[in-house]
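Enquirer: Questions regarding the structure given below will be posed in turn.
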Amino acid sequence: MDEPSIPLCRPYFPSLDELTPHLKEILSSRYLTNGGPYVCRLEEQLSAHLGVKHLSIVANGTLGLLLALRAHGVTGEVITTPFSFVATSHSILWTGLTPVFVDIDPSTLNIDPDRVERAITTATTAILPVHCFGRPCDANALQRLATTHGLKLLFDAAHAFGVPYEGSSVLLRGDASVLSFHATKAFHTIEGGAVISTSHEDKERIDRMRNFGIEDEDSITCEGINAKLDEMNALVGLLHLRHIDKLMACRSMTGETYRKELEGIPGLHCLPRFTGDNHSYFPILLDKAYPLSSRELQNELNQRNICNRRYFHPLISNLPMYQHLPSAAPANLPGANSVADKIICLPIHAELSHPEVLRITELLRSLSSRGGTAV
Ligand SMILES: *Cc1c(COP(=O)(O)O)cnc(C)c1O
């Protein structure tokens with residue numbers, strides 16, 4: 001059982017040749033952090049690449065979510081999805097707010113706008129949806145609800161780097177969107193993130209809040225935090241951005257190969273295609289016609305050194321710090337509980353080779369016909 005291991009992701013890292021001239025520049029300038037030239041350049045280039053105007057780079061996506069919630073004056077209850085990485089709900093708890101979970105539409109894995117409306121109370125001040133695995137939420141329906149009920153609409157867009165929606169960036173929707181540039185994401189700065197605002201004033205507030213609330217040498221005008229990205233991380237991002245189109249094309253080819261090779265396996269389903277998929281993840285869903293549960297399949301993959309994740313299991317609403325909330329009751333979230341039980345994310349990254357993808361898909365196919373005893 002010594003098959004070579006296939007990692008879930010293999011983050012980009014610049015070559016020494018690419019890094020060296022920039023490291024020399026940093027070595028001589030000693031400008032290491034506090035909004036240095038690399039962070040500023042990365043903000044400009046990312047804004048252009050993503051087609052957005054008001055982008056603030058931050059130290060990580062979680063701090064971006066905290067800043068967005070604070071900067072937009074959110075209080076009381078925040079409606080959100082249980083089917084996400086735990087940072088979504090944790091950011092709500094960390095700002096002293098109460099998450100209210102609303103079920104997902106199992107066909108998109110995104111929060112169901114019809115159910116959002118039913119969860120609005122007098123204490124609700126914001127909706128925090130997630131573009132799950134990069135697939136855009138029904139932003140029009142959510143915006144209508146937010147406008148009608150006077151709520152802030154803040155998107156956790158951690159998975160949605162470069163994703164378009166109705167002809168422009170999905171990051172332009174709502175009152176703000178938050179990207180994560182963690183090493184496991186499609187574009188990364190090792191650790192990092194960004195808040196995309198809808199106005200210059202909002203961006204300035206985020207910029208100030210990420211730097212302790214400092215306005216200038218004589219004035220500190222709000223209760224900020226330290227969410228600054230440093231120059232070394234920004235450099236990795238700038239070099240990453242040079243290669244991003246090529247890297248994205250590789251991911252996209254892998255996604256297409258998976259779809260082609262997995263077609264027709266009974267009980268194994270890929271999610272429907274969507275325009276602008278950045279292929280950050282490759283989730284598959286298993287139903288009763290597949291002979292293995294997701295846990296059993298995970299074991300088989302692990303035994304063959306094929307890394308995988310049961311994103312997002314366990315469901316956030318079933319975690320100890322959330323399960324007491326009335327909205328966390330499994331009966332309130334049948335779609336999310338069911339999906340969390342039968343989903344598994346396969347390896348996808350720019351260096352995944354065609355033979356590696358075939359090794360994975362052939363295993364999934366052989367397991368499907370042998371009832372879990374593939375050899
Ligand atoms: C990765 C991720 C985050 C957190 O981002 P960090 O940069 O790791 O703090 C938040 N939400 C979702 C949905 C994520 O996947």
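Enquirer: Taking region 134-151, which residues are in contact with a strand residue (DSSP E or B) (Cβ under 6 Å, 6 or more places away or on another chain) and not in a helix (DSSP H, G or I)?
Expert: Once the filter is applied, which keeps residues that are in contact with a strand residue (DSSP E or B) (Cβ under 6 Å, 6 or more places away or on another chain) and not in a helix (DSSP H, G or I), region 134-151 yields P136, C137, L151.
Enquirer: Right, here's the next one. Got a number for residues in region 152-186 being surrounded by fewer than 24 Cβ atoms within 10 Å (Cβ to Cβ), without any contact (Cβ under 8 Å) to a residue 60 or more places away in the chain and in a loop (DSSP other than H, G, I, E, B)?
Expert: Residues that pass the stated criteria total 2.
Enquirer: Test of understanding: among T75, T33, T80, T95, which residue is among the β-branched types (V, I, T), touching a residue at least 12 places away in the same chain (Cβ under 8 Å) and within 13 Å of the ligand (Cβ to nearest atom)?
Expert: Being among the β-branched types (V, I, T), touching a residue at least 12 places away in the same chain (Cβ under 8 Å) and within 13 Å of the ligand (Cβ to nearest atom) holds for just one of T75, T33, T80, T95, which is T80.
Enquirer: In the list A160, A183, which residue meets the criterion of being aliphatic (A, V, I, L, M), within 16 Å of C132 (Cα to Cα) and within 14 Å of the ligand (Cβ to nearest atom)?
Expert: A160
Quick note: the coordinates plus some simple rules give every number you see, no bench work behind them. Predicted model, so just to flag it, every value in this text is computed and none were measured. As a convention, Cβ positions derive from the backbone with ideal geometry for all residues, glycine included, and neighbour counts pool all protein chains shown.
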